[in-house]
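Step one of this worksheet: look at the structure below.
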Amino acid sequence: MKIIQTDLLCVGAGLAGERVAIEAADNGFSVICLSIVPARRSHSSAAQGGMQAALGNSAMGEGDSPDVHFADTVKGSDWGCDQEVARLFVDAAPIAMRQMAFWGVPWNRVVPGEQTYYKGGKPFTAFEKPENEGLIHSRNFGGTAKWRTCYTSDGTGHCVLYTLDNRAAQMGVSVIDKVEAIALIHDGDTCMGVIARCLKTGELTAYLAKATLIATGGFGRIYRESTNAVICDGGGLITALDTGVVPLGNMEAVQFHPTGIVPTDILVTEGCRGDGGTLLDKNEYRFMPDYEPDKAELASRDVVSRRMTEHMRKGLGVPSPYGDHLWLDIRHLGEAHIRTKLREVDEICQSFLGVDPVYQLIPVRPTQHYSMGGVRTNKDGAAYGLKGLFSAGESACWDMHGFNRLGGNSLAETVVAGMIIGGKIVEFLKGSETVIKTASVRDAMDKQNARIADLVACKNGSENPYTVRNAMFDSIMKGAGIFRNGKDLETCVAELQEILGRARRVGLRSNGKGANPELTMALKIEGMVKLALCVAYGALKRTESRGAHTREDFPERNDRDWLTRTLATWADGADLPTLNYEPATHVFEMPPGDRGYGGGKIIPMNG
Amino acid sequence: MGRTLTFNIFRYNPSDPASSPHMDKFTLDETERMTLFIALNRIREEIDPTLMFDFCCRAGICGACAMVINGRPGLACHTKTKEMPAEITLMPLPVFKLVGDLSVDTGTWFRGMYQKVESWVHTDKKFDPKAQEERMDNALAEQIYELDRCIECGCCVGACGTALMREDFLGAVALNRLARFILDPRDQRTEKDYFDIVGTDEGIFGCMGLLACEDVCPKQIPLQEQLGKLRRKMALAAVKNILPKFLKKDF
Ligand SMILES: Cc1cc2nc3c(=O)[nH]c(=O)nc-3n(C[C@H](O)[C@H](O)[C@H](O)COP(=O)(O)OP(=O)(O)OC[C@H]3O[C@@H](n4cnc5c(N)ncnc54)[C@H](O)[C@@H]3O)c2cc1C
Ligand code: SF4
Ligand code: SF4
Ligand code: FES
């Protein structure tokens, strides 16, 4: 058996994983990061918009402070977040951004004097103070009182990830790519590392560590339509759930974005609608004003996504080989505007669709975008249930996002959490010795070897893993998409339970040798269906609407009964998760109130 | 539409003793707005589950899907079948180690590259969490970003004659990376430090200047301009007697 040992093992080398790794390496510990793809291809690189921190350098950010950022974050979460964590986050965010600058991120900077900016397609001017020249600039993002999103042109995630990966290389962090963690090594009490499969050779290795971090990003790929990279399939979360003792928090909280392009679900920016783009149905009829007379296309992300779905359910979507969609029309904005102010959209349409948005309609549909749920941790980033296990980034439910994450707050979370949780892991590493039990390592390895042998031999059956996955896609999109209701969720849960049975009977058509992609899928599919069940079952039980979780049959946000966080664990052999609940927050810096957007009634806490 | 597409795909699984390098033929009915991302996934899911290839972002951002498409290195995710002939030949990128079929190991190559050029800010300053950020001119920040846009897809390396011939050649991508740090005032390395890294045949003087790299770069990074600047800068550095040993060399 191949064994590799280290102090800290980061499963994931996106922004969260690498930021934690750097903190530990900086303190003299040995660190290994595992990643399915070269670190720089991690999904963090796809974020173009930017990251929030209350620096208050720009004219439109003047008067910003961590307190204002805190209020925006808690409101954004629809009071579902842990307020202690939100406070830690907003206070540390400015330091994290400055540190990124120190390490080499080419942030856009303040240019003094009168500057032209755009809002709602209209130009306006603002005066940037000469004394702020050269400080980090910020742009506007939805749901915030001040402009606070730090950015590097249209490549924020890319630049920040490259800078962190450079820093990791400098600090001697060892990044091993094309490796996939498939199980945690533990004894029900302490985590001792992972069993990972090499995606170049198929070989299994036991990585042993005093501390293990899950930083595997989102699990959007349990949905067919997702803006996420194809590797965002919840692998890290599955290893946690499979322990039976580590709970996943708020899995039912899934964010959708209105305008993913069809067929590949690449995101086109909200700026299209902001600048005056409209949504049309199969008759090229503009339907949004019928549903939202005031705001029409400019209602918030979740509202527009819901209305689009509702309209398609009436049979008014445009049929295509990839399923129904709607049209986004920006033709009336004109060539000059589209080729300059919406350059990125123009490029996406031309490169991926062969559509010229100056003359043609853009096919779009609401698309899964962000997973608020994940491995439940405390404010130090330590997972519930196992000693020595931590989580950070999108894979974690550290819980500063509650039921709805604000644009720009996720990228910022990765590095801020990385800094804070990295520090806590350093304390942990200094303070304790982990005893690695050879029996636990051998058991974990034997179990994975046996699983692979069974899949190759079709011992449990010969269901095709891709067919099973497609069945899961159909079921979850129908039942636990943007709109939810008791009846559809019940159907969805029942269907997914049946699909779980099939997932347990998959077998390979091929021999499974080397980097075999069919085996990769087969090893993961049961876990993916379990994640889908955590989402659907959690959504069925949560009889209220909060943030991105919308129950048509329970339209109120119910603070009296549901100011709680769902915790889902999975007992060995069960075909449903066990759900428990804890208070959403122990500390109230800001008592529950109205978000100020999105509408909806609230049942008060002591109502 | 209505075309039937034929894909000729290079096949070899080095981990399977029974496998030997050959080409396989697959056919698919073309659908509207089809890209190679869609086509390859359909082939894998409907016809041959063993087909190895890499995609990640499928949005032209991560660089995972570079391969040789009808003889030319490019990103498969933003290649539309509509713009291709009905017969499409796909090969893995050369230079990089083959993982299997169309999948290559770019990670190891690029890690080696950035260790060689020490692709990080060299400074003796210490970060002070209480201090305001150091100021930078916005135009300069944007210039650095221009060079930072490289997605390490490897197309330029795969297209480069020198890289094919000599394994130790750093390639346009490395020289561009270095140019990025030369531009960055936070990096305190001197001309001599840079010269030590690239003032050789492995570096700037191995380049034949035939531009294949820039032609295939999906991010349209001005590689040629950077190569030119670097060549002049390094030649100057040599003349300025920074490295007398180098002056003896003929270039
Ligand atoms: C299109 C798009 C645009 C976005 N734009 C913004 C934005 O402008 N601002 C913002 O704040 N947020 C944005 N987000 C969200 C944000 O980008 C992500 O939430 C964030 O980057 C997640 O970072 P991470 O480090 O947690 O995970 P990732 O960057 O996804 O990294 C996950 C890592 O885990 C590895 N991994 C996964 N599974 C395994 C396994 N089983 N074994 C080993 N390794 C594994 C992967 O290889 C990878 O290295 C955007 C998201 C999308 C989809
Ligand atoms: S110009 Fe230089 S780096 Fe570019 S392809 Fe030619 S030899 Fe290679
Ligand atoms: S320079 Fe261009 S072609 Fe070369 S790796 Fe970077 S993005 Fe790819
Ligand atoms: S898959 Fe990311 S660039 Fe093609």
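Since every read-out is calculated from the coordinates, none of them should be taken as a lab result. This structure is a prediction, so every number in the text was calculated from the model and none was measured. Cβ sites come from the backbone with ideal geometry, for glycine too, and all protein chains shown count toward neighbours.
With charges set only on the Cβ (+1 for Lys and Arg, -1 for Asp and Glu), what does the dipole of the stretch A:256-368 come to about its Cα centre, in debye to the nearest 20?
Working: 14 positive and 18 negative charges, 33 e Å.
So the magnitude is around 160 debye.
In this structure, A:GLU284 and B:LEU211 have a Cβ-Cβ separation that, at R0 = 60 Å, corresponds to a calculated FRET efficiency of about 0.85. Overall, the protein assembly as shown carries a charge dipole of about 920 debye about its Cα centre when +1 sits on the Cβ of Lys and Arg and -1 on the Cβ of Asp and Glu, all other atoms neutral. Derived scalar couplings between HN and Hα for the stretch B:121-132 equal 5, 9, 8, 9, 6, 10, 6, 10, x, 8, 8, 5 Hz in order, rounded to whole Hz, by the Karplus curve 6.51 cos²θ - 1.76 cosθ + 1.60 (θ = phi - 60°), x for Gly and Pro. Cross-link pairs exceeding 20 Å in C-alpha to C-alpha distance, out of A:LYS146/B:LYS130; A:LYS2/A:LYS447; A:LYS178/A:LYS379; A:LYS210/A:LYS387, comprise A:LYS146/B:LYS130; A:LYS178/A:LYS379. The percentage of C-alpha pairs in the stretch A:27-88 whose separation is greater than 13 Å is 75%.
Both the radius of gyration and Dmax for the stretch B:4-103 are 12.8, 39 Å, in that order, over alpha-carbon atoms.
Could you work out, residue by residue across B:145-151, how many beta carbons of other chains sit within 10 Å of that residue's beta carbon, and then give the average as an integer? Provide the component values of the computation, followed by the final result.
Details: counts 11, 2, 1, 10, 7, 3, 6.
Counting Cβ atoms of other protein chains within 10 Å of each residue's Cβ and averaging gives 6.
Given the options A:GLN48, A:PHE29, A:GLY17, identify the residue whose Cα lies farthest towards the positive end of the charge dipole of the stretch A:1-60 (+1 on Cβ of Lys, Arg; -1 on Cβ of Asp, Glu). Sorting the options by dipole projection puts first A:GLN48.
Across the stretch A:528-533, computed HN-Hα scalar couplings (Karplus, 6.51 cos²θ - 1.76 cosθ + 1.60, θ = phi - 60°) run 5, 5, 4, 4, 4, 5 Hz from first to last residue, x flagging Gly and Pro.
When only Cα pairs under 8 Å and 6 or more residues apart are kept, what is the percent relative contact order across chain A?
On the way: 1415 pairs, mean separation 118.8, N = 607.
Relative contact order here is 20 percent.
The spacing between the stretch B:68-113 and the stretch A:57-92, judged by their C-alpha centroids, is 44 Å. Label 7 Å along Cα→Cβ of A:LYS295; the stretch A:566-607 residues with amide nitrogen under 15 Å? Only A:594-601 pass the distance filter.
Which value in deg cm²/dmol, rounded to the nearest 500, describes the helix-derived mean residue ellipticity at 222 nm for chain A, given -39,500 (n - 2.57) per DSSP H run of n ≥ 4 and division by the residue count?
Numbers: 16 runs with 203 residues, N = 607.
About -10500 deg cm²/dmol.
With pairing defined as another cysteine C-beta under 4.7 Å, the cysteines of chain A that fail it are A:CYS81, A:CYS150, A:CYS159, A:CYS191, A:CYS198, A:CYS232, A:CYS272, A:CYS349, A:CYS397, A:CYS458, A:CYS492, A:CYS534. Here's the list of lysines a cross-link from B:LYS125 could span, going by alpha-carbon distance under 23 Å and ignoring same-chain residues fewer than 8 apart: B:LYS116, B:LYS192. Using only Cα coordinates, the Kirkwood hydrodynamic radius of the stretch A:56-167 works out to 15.2 Å. Got a sec? Charge dipole of chain A, +1 on Cβ for Lys and Arg, -1 for Asp and Glu; which of A:GLN115, A:THR467, A:MET171 is way out at the positive end? Of the listed residues, the answer is A:THR467.
Between B:ASP29 and A:GLU433, the modelled label-to-label distance comes to 6.8 nm, taking each label 7 Å out from Cα in the direction of the beta carbon. With 0.36 nm allotted per residue and the present C-alpha distance subtracted, the A:LYS129-A:ASP454 stretch has 110.3 nm of extension available.
Under Stokes-Einstein, with the Kirkwood radius over Cα pairs as Rh, the value for the stretch A:194-322 at 37 °C and 0.692 mPa s is 182 µm²/s.
Shape class for the stretch A:390-504: oblate, because the ratio a/c of the largest to smallest gyration tensor axis (alpha-carbon atoms, square roots of eigenvalues) is 1.5 or more and b/c is at least a/b.
Taking the charge dipole of chain A about its Cα centre, with +1 at Lys and Arg Cβ atoms and -1 at Asp and Glu Cβ atoms, the residue from A:GLN255, A:THR205, A:GLY277 reaching farthest to the positive side is A:THR205. Rg and Dmax, both from the Cα atoms of the stretch B:118-242 and both in Å, are 15.6, 51.
Spacing of the modelled spin labels on A:LYS541 and A:ASP572, each 7 Å from Cα toward Cβ, amounts to 2.2 nm.
Calculated from the alpha-carbon coordinates, the protein assembly as shown shows an Rg and a Dmax of 26.1, 88 Å respectively. Within the stretch A:89-228, all pairs of alpha-carbon atoms sorted by distance into 5 Å bins from zero give the percentages 2, 7, 10, 14, 15, 14, 11, 9, 7, 5, 4, 2, 0. Each 5 Å bin from 0 upward holds the following percent of the Cα-Cα pairs of the stretch A:256-368: 2, 13, 25, 27, 20, 10, 2, 0.
Taking each pair of distinct Cα atoms in chain B once, what is the resulting Kirkwood hydrodynamic radius in Å?
Working: mean 1/r = 0.0493 Å⁻¹.
About 20.3 Å, per the Kirkwood formula over Cα pairs.
Within a straight-line Cα-Cα reach of under 23 Å, A:LYS478 can be paired with the following lysines, leaving aside sequence neighbours fewer than 8 residues apart in one chain: A:LYS282, A:LYS314, A:LYS487, A:LYS524, A:LYS530, A:LYS541.
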